[in-house]
Amino acid sequence: MIHYKSEPEIVLMRESALLVGKAIAAVAAVIRPGITTKELDKVAEDFIVSNNAKPSFKGYKGYPFATCISVNDAVVHGFPNDTPLKEGDLVSVDVGVYKNGFHGDSAYTFVIGDPGKAVLDLMAATKESLYKGIEKAHTANRIGDISFAIQDYTEKQRGYGVVRELVGHGLGRSLHEDPQVPNYGKRGSGGKLKEGMVIAIEPMINLGVKEVTYDEDGWTVRTMDRKPSAHYEHNVVIRRGKPDILSSFKEIEAAEKANVHLNSSYYHNPAPVSAAHA
Ligand code: MF3
Ligand code: CO
């Protein structure tokens, strides 16, 4: 069942979604070689709690942390741990907050130092695919139009692997609501996009194969070929017929650019269309 949001509910959801961006920005400000992902998790959790909110993920189906921090070949749902980050690491930070009865849920992928062109291109293309999907979130379209846009840009045009096991989702009083929003699919397929729908769009894109494995912890999703994977997530409401992004990367991107340990050169480095699949 889809829960359509009213204008006052959208105001509250925007507040939750914006808070997530600020929490991820707080993490972006301190990422450096040598810091552990457990330390980053604490930074995010402290920030959320000090803003009178709760970390949505902690306790969700038994998930033990405030954040998911997925490094290199970890796709999503990585456990924060005691391994220090190092030069070249690709770090996806996924955060949820619950405030005023509504969840916000957003993710961003950072890289420490220089991971090489292939990874920078993957990051650029994954972030771009998120916006390609968002563009399609209007009332003349269906879920499959979002899905197709993401898959076409990343898999068909560039040859990356689009994860099938995990999908975007509706968002509201629950962290995961209907509808599901896959990052793969056919144009014009799926349910109609309607006024007041709030969805989390979250492409998970692998440099190599689309297949994934699960770690012994029961959560961490990893690429089967152990190549890196990127993940960006925004919350979007369909309002006045068009997509309105509730979350924001503004503070995150400012923190990313200000942090000398983080590489933001991929902004100006869009992935070229690969000849292999042209
Ligand atoms: N953004 C992720 C998702 O929507 C985060 C969920 S982690 C969990 O699936 F621990 F809360 F499950
Ligand atoms: Co999500």
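Each reported figure results from applying straightforward, stated rules to the coordinates on display, with no laboratory input. Fair warning: this is a prediction, and the values are worked out from it, not measured in the lab. Please note: Cβ atoms are built from the backbone with ideal geometry, for glycine as well, and neighbour counts cover all protein chains shown.
One table, with the values for the structure above:
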item: Efficiency of FRET from Cβ geometry, Arg164 and Ala140, R₀ 30 Å, rounded to 0.05; result: 0.65
item: Net +/- balance of residues flanking Val97 in space, Cβ distance below 9 Å, scoring K and R +1, D and E -1; result: +1
item: Distance violations [Cα-Cα > 28 Å] among Lys42/Lys250; Lys86/Lys127; Lys42/Lys194; result: Lys42/Lys194
item: Reference-scaled alpha-carbon Rg (2.2 N^0.38 Å with N residues) for the stretch 158-226; result: 1.28
item: Asp217/Arg32 FRET efficiency (R0 35 Å; Cβ-Cβ; nearest 0.05); result: 0.85
item: Stretch gain in nm, segment Ala258-Asn100, where the contour uses 0.36 nm per residue and the Cα spacing is subtracted; result: 53.7 nm
item: Quarter of Cα convex hull surface for the stretch 135-278, i.e. mean projection, nm²; result: 10.5
item: Convex hull volume per residue in cubic angstrom - Cα atoms of the chain; result: 114
item: The stretch 102-165 - Rg over Rh from alpha carbon coordinates, Kirkwood radius; result: 1.03
item: Expected 222 nm ellipticity per residue - DSSP helices of 4 or more, -39500 (n - 2.57), all of the chain, to 500; result: -9000 deg cm²/dmol
item: Val209-Ser174 FRET efficiency (beta carbon distance; Förster radius 35 Å; 0.05 resolution); result: 0.65
item: Distance between the stretch 11-79 and the stretch 157-225 - C-alpha centres, whole angstrom; result: 19
item: Rg(Cα)/(2.2 N^0.38 Å) for the stretch 71-212, N = residue count; result: 1.08
item: Mean shadow area of the stretch 1-127, taken as a quarter of the surface of its Cα convex hull (nm²); result: 8.7
item: Calculated on alpha-carbon atoms, Rg and Dmax of the stretch 64-131 in Å; result: 13.5, 42
item: Student exercise, the stretch 150-278 dipole from Lys, Arg, Asp, Glu Cβ charges, in Debye to nearest 20; result: 620
item: For the stretch 34-46, 3J(HN,Hα) per residue [Karplus equation, 6.51 cos²θ - 1.76 cosθ + 1.60, θ = phi - 60°, Hz, x = Gly/Pro]; result: x, 7, 9, 6, 5, 5, 5, 4, 5, 4, 5, 4, 4
item: Cβ-placed point charges (K, R +1; D, E -1), dipole of the stretch 7-258 about Cα centre in debye, nearest 20; result: 700
